[in-house]
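**Q** Mind looking over this structure? Questions follow.
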Amino acid sequence: MKQKDKLKTIRKKFVSSVAAVCALMAVTAFGPNAYAQKDGSAVETLKAMSDYIGSQTTLSVTFDSDVEVITSDLQKVQFTSSGKVQLSRPDKLRASRTGGYTDVEVVFDGKMLTVNGRDKNVFAQFDSPGSVDQLIGLLRDKYAVAAPGGDLLLSRSFDEMMMDVIDAKDVGRGVIDGIECEHLAFRNVDTDWQIWVELGARPIPHKYVITSKAVTGMPQYTLRIKEWRTDVPTDAFAFQSPQGAKKVALEALADTDEVPQGTVTTGEKK
């Protein structure tokens, strides 16, 4: 073989090898099971948390949440709310959130969804038979309600949370409200998110932080679990119209976000 032909053959093999290595790196970094190759302990801890939450037939949780927004002059501003969630699987939910700009409650009895604007003394109702999992999907897909903490309530929260993950890390230990937790960090293309899971026999989340990397200033959404109980009153999911409350169309309750109307909320997952 001529020297020139040999050089061409070597160059071709070299390019093919580089291409193969690059393809392998791409699969390793972005393949659907890449998170398992990054840090198996982080994935195992999240799976244990998901399994534990999914096994609870009833839940009563209080929380604080922070939403960061970036203003037009690139100032980062944070809005804070507090709330409570009561859940009875598979098809009952009551959730409330009170902040500086809204006071809203959602009641779901498996057949009907009620959105109660407590600060305006108005409410809206519509038929929505199904499970809590189906309700969360409906609110996100049809009504554009982000509900980033809603992932934690799903019966199969692990599958939903890990869907787009390309990296997972077990950062180490952290302490939330005096409780020792395992600190986990995950990444997908548009967001980074972290979760602190209680150590021991009750692997519940105590803090959940979502960072929007695709937005200038990388605003965050933070959820802090304050109280976690499993006792829920049997009448918790029966809506009683407040005295003098007016029934309105759902569109009239569009302003139920955690931030003032006209402000774009960006520190949320997906």
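The values are calculated or read from the model by the stated rules, or taken from the named source; none is laboratory data. Fair warning: this is a prediction, and the values are worked out from it, not measured in the lab. Note: ideal-geometry Cβ built from the backbone for every residue, glycine included; neighbour counts use all protein chains shown. Remember, those area values only see protein heavy atoms, side chains included, never the ligands or the DNA or RNA. Shrake-Rupley method; radii C 1.70, N 1.55, O 1.52, S 1.80 Å.
**Q** Collect the residues in region 143-192 that are hydroxyl-bearing (Ser, Thr, Tyr) and open to solvent by less than 30 Å² (accessible area, probe 1.4 Å), keeping them in residue-number order. Can you show your working first?
**A** Our first condition is that a residue be hydroxyl-bearing (Ser, Thr, Tyr); within region 143-192, this holds for 143, 155, 157, 191.
Result: 157, 191.
**Q** OK, next. Working only within region 142-181, note down all residues that are β-branched (Val, Ile, Thr), part of a loop (DSSP other than H, G, I, E, B) and over 12 Å from the mean Cα position of the chain (by Cα).
**A** Selection gives 165, 166.
**Q** Given the conditions (1) at pLDDT below 95; (2) farther than 30 Å from residue 189 by Cβ; (3) open to solvent by 70 Å² or more (accessible area, probe 1.4 Å), and given that residue 226 satisfies all but one, which numbered condition is not satisfied?
**A** Looking at each condition in turn, residue 226 falls short on (1).
**Q** Could you grab me the full set of residues in region 204-243 that are more than 20 Å from residue 88 (Cα to Cα) and more than 23 Å from the chain's Cα centre (by Cα)?
**A** 241, 242, 243
**Q** Same structure, new question: Just a yes or no: is a residue in region 54-75 more than 25 Å from residue 160 (Cβ to Cβ), in a strand (DSSP E or B) and open to solvent by 20 Å² or more (accessible area, probe 1.4 Å)?
**A** Among the residues of region 54-75, at least one is more than 25 Å from residue 160 (Cβ to Cβ), in a strand (DSSP E or B) and open to solvent by 20 Å² or more (accessible area, probe 1.4 Å), which makes the answer yes.
**Q** Does residue 130 fit the bill of being surrounded by fewer than 17 Cβ atoms within 10 Å (Cβ to Cβ), part of a strand (DSSP E or B) and not hydroxyl-bearing (Ser, Thr, Tyr)?
**A** Values: surrounded by fewer than 17 Cβ atoms within 10 Å (Cβ to Cβ): yes; part of a strand (DSSP E or B): no; not hydroxyl-bearing (Ser, Thr, Tyr): yes.
Taking the combined requirement at face value, the residue does not satisfy it.
**Q** Does region 79-87 contain any residue that is open to solvent by 50 Å² or more (accessible area, probe 1.4 Å), under 24 Å from residue 217 (Cβ atoms) and either of a type outside the set (A, V, I, L, M) or assigned to a strand (DSSP E or B) (or both)?
**A** Here is the first cut: in region 79-87, the residues open to solvent by 50 Å² or more (accessible area, probe 1.4 Å) are 80, 82, 84.
Of the ones still in play, those that are also under 24 Å from residue 217 (Cβ atoms) are 80.
From what's left, either of a type outside the set (A, V, I, L, M) or assigned to a strand (DSSP E or B) (or both): 80.
Taking every residue of region 79-87 in turn, at least one turns out to be open to solvent by 50 Å² or more (accessible area, probe 1.4 Å), under 24 Å from residue 217 (Cβ atoms) and either of a type outside the set (A, V, I, L, M) or assigned to a strand (DSSP E or B) (or both).
**Q** From the list 211, 234, exactly one residue is surrounded by fewer than 11 Cβ atoms within 10 Å (Cβ to Cβ) and not aromatic (Phe, Trp, Tyr). Which is it? Let's see the steps before the verdict.
**A** Working: 211 fails: surrounded by fewer than 11 Cβ atoms within 10 Å (Cβ to Cβ).
Just one listed residue meets the conditions, 234.
**Q** Now for a separate question. Among 184, 135, which is the only one that is aliphatic (A, V, I, L, M), touching a strand residue (DSSP E or B) at 6+ places or on another chain (Cβ under 6 Å) and assigned to a strand (DSSP E or B)?
**A** Residue meeting the stated conditions: 184.
**Q** Another question about this same structure. Report whether or not residue 192 is touching a Leu at 6+ places or on another chain (Cβ under 7 Å) and either closer than 23 Å to residue 218 by Cα or in a loop (DSSP other than H, G, I, E, B) (or both).
**A** Here the answer is no, as residue 192 does not meet what is asked.
**Q** I'd like the full set of residues that are within 9 Å of residue 179 (Cβ to Cβ) and either open to solvent by less than 10 Å² (accessible area, probe 1.4 Å) or in contact with an Asp or Glu (Cβ under 7 Å, 6 or more places away or on another chain) (or both), limited to region 197-208. Give the steps one after another, and end with the answer.
**A** So the first thing to find is which residues in region 197-208 are within 9 Å of residue 179 (Cβ to Cβ), and the list is 198-199, 206.
Hits for region 197-208 are 199, 206.
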